[in-house]
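Below is one structure, written out as structure tokens; the observations come after it.
The values are calculated or read from the model by the stated rules, or taken from the named source; none is laboratory data. Values in this document were obtained by computation on a predicted structure and should not be read as measured data. FYI the Cβ positions are ideal-geometry reconstructions off the backbone, even for glycines, and counts take in every protein chain you see. Heads up: the accessible areas ignore ligands, DNA and RNA and are worked out on the full protein's heavy atoms, side chains in. Shrake-Rupley method; radii C 1.70, N 1.55, O 1.52, S 1.80 Å.
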Amino acid sequence: MLKAIQILGSSSSGFVSLSYRLNRKPQANCDLYFLSRKPIIASNLSPFRSKTHSFAFRVRKDRIFIAAQMSHNHSESNPDGASSSSSPSSSTSTLVQSTGSIRKINFCQSCGSRTKHEIPDGEEKMRAICTSCGKITYENPKMVVGCLIEHENKILLCKRKIHPSFGLWTLPAGYMEIGESAAEGAIRETWEEANAEVEVLSPFAHLDIPLIGQTYIIFLAKLKRPHFSPGPESSECQLFALNDIPFDSLSFSSMLVTLQLYIEDTKVGRPLFHYGIINKRPGTSPSEIHAYTLDHHLKS
């Protein structure tokens with residue numbers, strides 16, 4: 001009998017989805033045990049707080065273990081949401097480094113055993129190390145891709161239909177998937193959010209946000225057909241003249257920076273390629289999208 005164990009989550013809220021299927025018949029008295037669901041609250045070392053939950057399931061009779069770390073972090077693509085008011089605990093604080101927050105992974109993603117958090121020999125950063133098999137879990141930044149779509153001197157924006165940043169405007173963008181290029185991901189996200197078929201023209205902006213572990217790649221694109229409509233995550237899609245862009249109702253600092261750079265380029269008569277690092281100002285709320293600095297800005 002085919003059995004399935006699923007940990008369900010929403011990609012739009014920062015959660016992950018994990019599914020494990022048993023293709024052989026489990027023993028008759030196979031039990032499913034819920035081992036841990038303990039919140040981990042970030043310390044006050046950063047104005048960005050994250051809330052993480054650890055889930056671990058074990059099918060003992062079949063000796064199958066599934067462990068997943070599910071986190072909801074304030075981020076640009078998921079976006080700057082309301083912060084948690086939970087008090088920090090020294091025993092459950094998320095590890096924080098100067099370059100951003102690191103999730104505290106409590107279970108090995110290979111064998112399911114408990115992890116310890118140490119700096120491995122020859123390295124400089126704290127890692128989750130399995131106490132059983134010794135495997136080190138490495139976490140890497142997320143890649144966000146999207147399109148800045150030009151049409152008749154206007155820009156296509158989508159109004160978010162999902163939380164966080166419900167009702168605010170954004171360029172169509174989202175997490176890049178395994179197996180696709182950055183351009184392919186940007187085209188897919190545009191179709192999903194705006195039902196628009198686009199042709200990528202050139203890369204426009206590469207924006208790093210180290211604090212939340214994200215990198216944005218935004219492409220200039222054009223509509224293949226002058227048709228678009230809201231996708232499942234959008235309540236509206238609209239073309240805006242540059243003077244009418246709703247800068248006070250944008251969802252993320254990354255969108256604000258991208259659109260401002262585009263307007264600056266139109267003044268010089270041609271688009272450039274931009275690189276920069278977005279740093280939020282200390283002590284400001286993640287939802288304050290205007291409270292940032294654009295550092296190491298390069299253009300060509």
| task | Answer with yes or no whether SER235 is touching a residue at least 24 places away in the same chain (Cβ under 8 Å) and assigned to a strand (DSSP E or B). | result | yes
| region 189-217 residues that are open to solvent by less than 20 Å² (accessible area, probe 1.4 Å), paired with ones that are among the basic types (Lys, Arg) (beta carbon under 7 Å, 6 or more apart) | VAL198/LYS222; VAL198/LYS224; GLN214/LYS142
| note | Restricting region 279-300 to residues that are within 22 Å of CYS158 (Cα to Cα) and open to solvent by less than 50 Å² (accessible area, probe 1.4 Å), the one modelled with the lowest pLDDT turns out to be PRO286
| field | region 104-139, subset in contact (Cβ under 8 Å) with a residue 40 or more places away in the chain and open to solvent by 60 Å² or more (accessible area, probe 1.4 Å), residue nearest to the chain's Cα centre (by Cα) | value | GLU139
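Have a look at SER132, SER202 and point out the one that is among the hydroxyl-bearing types (Ser, Thr, Tyr) and assigned to a strand (DSSP E or B).
SER202
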| request: Kindly provide the set of residues from region 277-291 that are closer than 13 Å to PRO210 by Cα and not basic (Lys, Arg), ordered by number. | output: ILE277, ILE278, ASN279
| Residue ID - least open to solvent (accessible area, probe 1.4 Å), chosen from residues in region 154-166 that are out of contact with any Ser or Thr (no Cβ under 6 Å at 6 or more places or on another chain) and modelled with pLDDT under 95 | PRO164
| task | Please state which of the following conditions LEU259 fails to meet, knowing it meets all the rest: (1) over 15 Å from the mean Cα position of the chain (by Cα); (2) surrounded by fewer than 19 Cβ atoms within 10 Å (Cβ to Cβ). | result | (2)
